[in-house]
Structures are given as structure tokens and as C-alpha cells.
Amino acid sequence: MEKTISSRLTDFGRYGIFLAFLIICIVLAFSTPKFFTVSNLMIIGTQVSINALLAFGVTFVIITGGIDLSLGSMVAVAGVVTAMFAHPDTYPLVVPLLAGIGAGVLLGAFNGLVITKSKVPPFIVTLGTMTIGRGLALILSKGRPISNLSDSFNFIGGGTVFGVPFPIVILILAFIICSVVLNKTILGRYMYAVGGNEPAARASGIHVTKVKMWVYTISGLLSAIGGILLTSRITTGQPNAGAGFELDAIAAAIIGGTSTSGGTGTMTGTLIGALLIGVIGNSLDLLNVTSYYQQVVMGVIIIGAVVLDGLGKKD
């Protein structure tokens with residue numbers, strides 16, 4: 001039986017991102033010789049690492065039918081908290097890392113708790129947490145950047161391992177772990193079930209509340225790691241850091257094929273989405289094109305991805 005137009009659009013929405021990414025890379029390779037140099041590819045990987053970490057977390061959330069707008073604020077809070085304990089000759093490196101991760105996990109768990117107990121839509125709850133987090137970052141830092149961080153901490157964002165920037169190493173590890181959680185664990189299967197049909201998942205015995213608590217907590221954890229990477233990379237805890245990061249992360253997930261209605265999504269697609277955003281930004285810089293065009297391109301791609309997803313569901 002021949003495929004309908006809707007099913008063809010669905011296939012394109014699922015696999016077209018890989019083809020689009022490949023075509024863009026080939027075009028850029030011929031457009032500018034600097035694109036496929038090792039140094040430039042390392043720059044892209046480093047730039048993409050933070051957005052990809054946030055995107056992995058929000059992919060879990062969107063698969064369950066939720067949304068998280070507080071990612072950028074959690075990046076700021078985690079970064080500020082980490083910087084407070086990362087001064088030279090004060091605490092071992094593990095202390096600031098655990099402090100920053102703890103801050104992100106607590107905010108993520110707070111999101112999950114309020115969403116599951118109050119039944120308030122995730123959009124509203126995480127919008128509120130976004131504001132709370134930004135305020136906390138300013139309060140903790142007294143509105144000023146926190147600098148003078150230890151060399152061991154600054155290595156996280158600026159060091160290399162066998163010539164590979166450490167942020168890329170963290171990105172690869174996070175991708176592997178998140179992929180295993182989503183595809184090889186009971187929790188991952190429950191995420192798809194909850195996002196696909198929450199009443200049916202609840203009726204089948206799945207503890208929906210626990211699943212949602214887990215996904216928002218994981219999102220907070222990955223946001224905190226992103227905040228630590230950013231703070232280490234710029235060697236300063238900035239209370240205003242992470243502004244708008246949630247939009248890029250959500251865009252990466254949606255562009256990568258994660259359905260806005262829940263139940264569908266992959267970590268591989270999200271990674272490609274994040275890489276596509278990074279490649280477009282990098283290529284505009286190499287071609288001396290104003291970065292304003294990047295926002296237009298991203299908006300068109302996001303709308304196109306959502307439209308393809310919606311058309312595929314009509315069949």
C-alpha cells in the first residue's frame with residue numbers, strides 16, 4: 001500500500017533532521033575551508049555541550065508530556081552556588097561540584113513536586129521557578145559576579161583530555177547515560193507510556209507521580225552540570241547566566257523529533273538538533289553573517305518541525 005502524504009511527512013520529520021544536518025555540513029565544507037578543521041569542530045563541540053546537556057534533560061520532560069522553562073535559571077543558580085565554594089585553597093573540588101549539582105536537583109525536584117501535587121500545568125510552574133531561580137542567583141551573589149576560582153575547577157570548562165576539550169567528554173558521557181536510561185531501563189519505558197497516554201499508564205499500574213518527579217529532577221541535574229560547565233568555562237559565577245538557554249534546549253529537542261504532545265523522542269535526535277543549532281551559529285560566524293539571522297533560521301526550523309509532527313498525527 002502506498003504511503004499517504006501524512007505518513008511521508010511523518011517519516012521526513014523523523015529522519016529529515018539527519019539528512020538536513022548532513023547536507024548543511026557538506027555545503028559548509030565547500031563554502032568555507034575553516035569549517036572542517038579539527039580546531040573548529042572542537043569549538044563547535046564545546047559550544048554545543050551546554051545546550052545539549054539541557055536539551056537531554058528537557059527531552060525526558062517533553063516525552064512525558066511536560067515542559068521546563070526554568071532551565072536557564074537553574075544554570076545560573078548552580079553556577080553561582082558552585083562558584084561560592086570554588087575559590088582557591090578553600091574546599092576540595094568535590095564540594096563545589098556537589099553544591100552546584102545539589103542546587104539543580106533541588107530546584108528540579110521542586111518543579112516535579114509542585115506539578116504532581118498541585119496539578120498546575122508545567123508551563124506555569126516552571127515559569128514561576130524560572131523567576132524564583134533568577135532571584136535566588138542574584139540574592140546569593142549579591143548581584144555581582146563571583147570570580148577568583150581555582151585552577152582545578154577551571155579545568156572542567158577549559159581543560160582537555162588527550163586533546164579533546166573536557167566539555168565534549170562530559171557531553172559524550174551524558175549522551176550515553178541518557179540514551180541508556182531512555183532506551184534500556186524501566187523508567188525510560190514508563191516515560192514513553194506516560195507521555196503517550198497518561199490515563200492508560202496510570203490504569204496499568206505505572207506510578208505516574210514518581211515518573212514525573214524523576215524527569216524533572218533529572219532535568220535539574222543536567223541543568224546544574226551545564227551551569228558548572230559554563231561557570232568553569234567563563235571562570236566566573238554570573239547571576240545573569242543562562243538567560244534564554246531554555247529556549248535553545250527546547251528547540252534542540254523539538255528539532256530532533258521530540259513530539260510536543262509527548263510519547264515520542266530520542267536522545268540521538270536531540271543531540272543532532274543541538275549540533276544543528278551549533279553548526280548554524282558557527283557557520284554564520286565563519287561566513288561573517290550577522291548572528292541575528294540565526295534566530296530567524298531557528299524559528300523557521302522549529303515551526304517546520306512542529307508542523308510536520310502535527311501533520312503526521314492527523315493520519
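The values are calculated or read from the model by the stated rules, or taken from the named source; none is laboratory data. The shown structure was predicted, so the numbers you read here are calculated from the model rather than taken from an experiment. Methodologically, a virtual Cβ is constructed for each residue, glycine included, from the backbone with ideal geometry; neighbour enumeration extends over all protein chains shown.
Computed quantities for the displayed model
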{"item": "First in the range 18-47 and free of Cβ contacts under 8 Å to residues at least 40 places away in the same chain, second anywhere and outside any helix (DSSP H, G or I), Cβ under 9 Å, 6 or more apart", "result": "Ala29/Phe35; Ala29/Phe36; Val38/Gly163; Leu41/Phe35"}
{"item": "In the range 156-177, residue surrounded by the most Cβ atoms within 10 Å (Cβ to Cβ) [restricted to those that are without any contact (Cβ under 8 Å) to a residue 40 or more places away in the chain and either touching an Asp or Glu at 6+ places or on another chain (Cβ under 9 Å) or under 21 Å from Thr270 (Cα atoms) (or both)]", "result": "Phe166"}
{"item": "Gly45 modelled with pLDDT of 95 or more and either within 14 Å of the chain's Cα centre (by Cα) or in a helix (DSSP H, G or I) (or both)", "result": "no"}
{"item": "Complete set of residues in the range 263-282 that are out of contact with any Cys (no Cβ under 9 Å at 6 or more places or on another chain) and either without any contact (Cβ under 8 Å) to a residue 60 or more places away in the chain or hydroxyl-bearing (Ser, Thr, Tyr) (or both)", "result": "Thr264, Thr266, Thr268"}
{"item": "Filter pass, Ile17 being modelled with pLDDT of 90 or more, under 25 Å from Leu275 (Cα atoms) and of a type in the set (A, V, I, L, M)", "result": "no"}
{"item": "Thr59 being more than 26 Å from Leu127 (Cα to Cα), hydroxyl-bearing (Ser, Thr, Tyr), within 16 Å of the chain's Cα centre (by Cα) and assigned to a helix (DSSP H, G or I)", "result": "no"}
{"item": "Val58 being among the β-branched types (Val, Ile, Thr), touching a helix residue (DSSP H, G or I) at 6+ places or on another chain (Cβ under 6 Å), farther than 20 Å from Gly304 by Cα and modelled with pLDDT of 85 or more", "result": "no"}
{"item": "Residue tally, condition outside any strand (DSSP E or B) and farther than 10 Å from Phe56 by Cβ, over the range 161-187", "result": "16"}
{"item": "Scan of the range 178-212 for residues that are of a type in the set (Val, Ile, Thr), closer than 20 Å to Thr270 by Cα and surrounded by 13 or more Cβ atoms within 10 Å (Cβ to Cβ), ordered by number", "result": "Val181, Val194"}
{"item": "Filter result for the condition that a residue is in a helix (DSSP H, G or I) and modelled with pLDDT under 95, over Gly102, Gly128, Gly157", "result": "Gly157"}
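Residues checked against (1) modelled with pLDDT under 85; (2) in a helix (DSSP H, G or I); (3) crowded, with 24+ Cβ neighbours inside 10 Å:
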residue: Phe12; (1), (2), (3): yes, yes, no
residue: Phe21; (1), (2), (3): yes, yes, no
residue: Cys25; (1), (2), (3): no, yes, no
residue: Leu28; (1), (2), (3): yes, yes, no
residue: Ile50; (1), (2), (3): no, yes, yes
residue: Met74; (1), (2), (3): no, yes, yes
residue: Thr82; (1), (2), (3): no, yes, yes
